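Everything on this sheet refers to the single structure shown next.
Coordinate-derived values only; no laboratory data. Small disclaimer: the values here were computed from a predicted structure and weren't measured. FYI the Cβ positions are ideal-geometry reconstructions off the backbone, even for glycines, and counts take in every protein chain you see.
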Amino acid sequence: MMNRARRIATALTLAGGLALVPHFASAQGSTTVHGQVLSGELKYGPDFTHFEYTNPNAPKGGSVALYSIGSFDTLNPFILKGRPAAGLGQLFQTLMSGSSDEPNAQYGQLASSVEVADDLSWVIYNLRPEARWHDGTPVTAEDVIFSLKALTTEGHPFYRNYWKNLSGAERLDDHRVKITFEGELNRELPYIAGQLTILSKAYYEINEFNETTFDPPMGSGPYKVSNIDPGKSITYERIKNHWSDDIPVNKGQNNFGTIRYDYYRDQTVALEAFKAHEYDFRSENSSKQWATGYDFPGLEQGRVVKELVRHQNPTGMQGFVFNTRRDMFKDSRVREALAYAFDFEWENKNLFYGQYTRTESYFSNSELASSGKPGALELEYLEPFRGQIPDEVFTKSYQAPHSDGSGNIRANLRIALRLLKDAGWVVRDGKLTNRTTGDTMSMEFLLVSPAFERIVSPYVANLEKLGVTASIRTVDTAQYQNRIDGFDFDVIVSTFSQSLSPGNEQRNFWGSYNVEENGSRNLIGVHDPVVDALIDKIIAAPDREHLIASTQALDRVLLWSHYVVPQWHIQSYRVAYWNRFGRPEISPKYSLGFNTWWIDPDKDAALERGETGESDN
């Protein structure tokens, strides 16, 4: 039977589908494994004790303070209503848990193993008998069944879309549950089923699932809520001798005794609070702040560490996002024209201190990004749609408009005016006017951070040279989220993060079926049968080669449709922290790994004394 399981695992790996590293063979037509990977081989065998980027002997305890921006009004992170507090994920666990030094690999968390059908039509999870809710009761198959139903029928649209092909769950016994799939073959479904967050059925029998609340929810994770100051702060306390402390995916992680999140009005106020050591750790998103904002005594004295931490993550797409539900943005020539008014090279030189690289793919910093002209396999995906997609997809490599960085972009503005004229827009009395309707083009950039105003302002000035009336409106987090959820915006800044194995999440980004569903991630309003078809091809890709080709094909169609004005990316985390932490010797490739850090007693004591606190990790 072991030889048969190995043959199955090898066949699936060679097919590029779900690679299964066998633990033992089980029922007819299935294989039981301790871990899953979407392509390649698992790094860790069935007897691994911890990830190599953790320290299994890391000390537990101490308090860490972190920060968040805005406010919160609920402890329910699973529904569209409300603004959930930061850090709530620490209360809950999933069936499987990802590895941060492998692309798209996961191992048992609430489940000790998973049995996968040879035809990928179902999975069976063997739950850990020792898994417990915070009240000490066991996690059971009934909880899995309840979670799947609640999240896919009443949960946030993201959950409903992501797990829409998980058709049902069946109890086999208290600690064994079967999840079945519907639709065409989807190599991702056995994998993404393991990412299901498990909720307590008993808790939600007496508490409303679809309501906001400040009552701490029941979880099975290593932390519980210990204190709430509504809208201002929330504190989590680590559960001593938690049932999952020593399972391999958790060993050496979740080391802080308490974690407090303090809320600040904006990033400027938050940075000043960091300098005063009101909180301990900061991930910096502003190039200006990184270059000029950390000149303070704590850093000069060595009491604060400021560093770039390299990573190998795909950087995805960040850009100015056009809401194509608005009539003025429905023509791709208009969207392309407006991109010519954005002068990245000038902004990178004058505002960003040269820290960024221009993004020219929705899958940037990965092999999934399109480049050059499409190859033979890509063309197999694209040719059926010739005439339905831009001709440039077949003949050119996408390149965002560029300049010499001098600030003089007259040539680009002339190109923009030609495109606008072709689309039926002309300048009359200094206003860009639609020849047919007589409407003038007026747009609002909706922002949530005042720090971004300096970045948008030069773009607005260039748009005005085209006759566009453009304005900037910065709102608080609550209003911003409400407007985004209801697609009540013209242009926003947003990021579409990607993994090394794209799949079902692409439907949420660009799928036409959720284009009008409030709260969906189809912010652009993409409603294109070609895009839908290419997403289906990605999901059904039989091997890695076809996955790459189909993803690159989708990338080209999205790029040449000019849905966004691409912005920039950086291939490092910019972090600053007060020098009181210990860290593992090995850093993960695909995350910062802050949950593997701990409070170093010697550094902490030295920091209290006003010293630098240097010591070995």
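Here, region 317-569 yields an orientationally averaged convex hull projection of 13.5 nm² when only Cα atoms define the hull. From largest to smallest, the equivalent ellipsoid semi-axes obtained for region 348-489 from the alpha-carbon gyration tensor read 29, 23, 19 Å. Between ASP119 and GLU41, the simple label model (points 7 Å from Cα in the Cβ direction) yields a spacing of 3.0 nm. Computed over region 553-617, the alpha-carbon pair-distance distribution with 10 angstrom bins reads 17, 30, 20, 14, 12, 7, each value a whole percent. For ARG326, the shell of other residues with beta-carbons less than 13 Å away shows a net charge of -3, using +1 for Lys and Arg and -1 for Asp and Glu. Magnitude of the charge dipole for region 394-530, about its Cα centre and with charges confined to Cβ atoms of Lys, Arg (+1) and Asp, Glu (-1), is about 680 debye.
Loop-located GluC sites (Glu not before Pro) in region 509-587 (DSSP state other than H, G, I, E, B) with a sparse environment of at most 15 neighbouring Cβ atoms within 10 Å: GLU516, GLU585. Only one residue of SER244, VAL321, TRP290 has its Cα farthest out toward the positive end of the dipole of region 227-325, where Lys and Arg carry +1 and Asp and Glu -1 on Cβ, and that residue is VAL321. For the chain, the dipole from Cβ point charges (+1 on Lys and Arg, -1 on Asp and Glu) about the Cα centre works out to 960 debye, to the nearest 20.
Modelled spin-label separation between LYS60 and THR437, with each label point placed 7 Å from Cα along the Cα-to-Cβ direction: 6.1 nm. Going by how many other Cβ atoms sit within 10 Å of their own, how do LEU66, LEU338 line up, fewest first? Lowest to highest Cβ neighbour count: LEU66, LEU338. Multiplying the residue separation of GLU278 and ARG310 by 0.36 nm and removing their Cα-Cα distance gives an extension gain of 8.8 nm. For ALA533, neighbours were defined as the other residues whose beta-carbon sits under 15 Å from its Cβ, and their charges (Lys and Arg +1, Asp and Glu -1) total -4. Fewest-first ordering of LEU523, LEU558 by other beta carbons within 10 Å of each residue's beta carbon gives LEU523, LEU558.
Under 13 Å from the Cβ of LEU166, count the other residues' Cβ atoms, weight Lys and Arg +1, Asp and Glu -1, and hand me the total. Overall, the nearby charge balance is +1. Taking a point 7 Å out from the Cα of ALA291 in the direction of its Cβ, the residues of region 453-470 whose backbone N falls within less than 13 Å of it are 455.
Within straight-line reach of LYS306, meaning a Cα separation under 28 Å, sit the following lysines at least 8 residues removed in sequence or on another chain: LYS60, LYS232, LYS251, LYS275, LYS288, LYS349, LYS589, LYS603. Quick note on the chain: its Rg to Rh ratio, both from C-alpha atoms and Rh being the Kirkwood radius, is 0.97.
Taking neighbour Cβ counts within 10 Å as the exposure measure, how do SER471, SER233, SER370 sort from fewest upward?
Arranged by neighbour count, lowest to highest, SER471, SER233, SER370 become SER471, SER233, SER370.
In this structure, GLU211 and ASP135 have a Cβ-Cβ separation that, at R0 = 25 Å, corresponds to a calculated FRET efficiency of about 0.75. Site pair ASP245 and THR395 shows an inter-label distance of 6.7 nm when each label is modelled 7 Å from Cα along Cα→Cβ.
Kirkwood radius, region 486-575, all distinct C-alpha pairs, inverse of mean reciprocal distance: 14.3 Å. In summary, the lysines within cross-link reach of LYS465, defined as a Cα separation below 17 angstrom excluding same-chain residues under 8 places away, comprise LYS421, LYS431.
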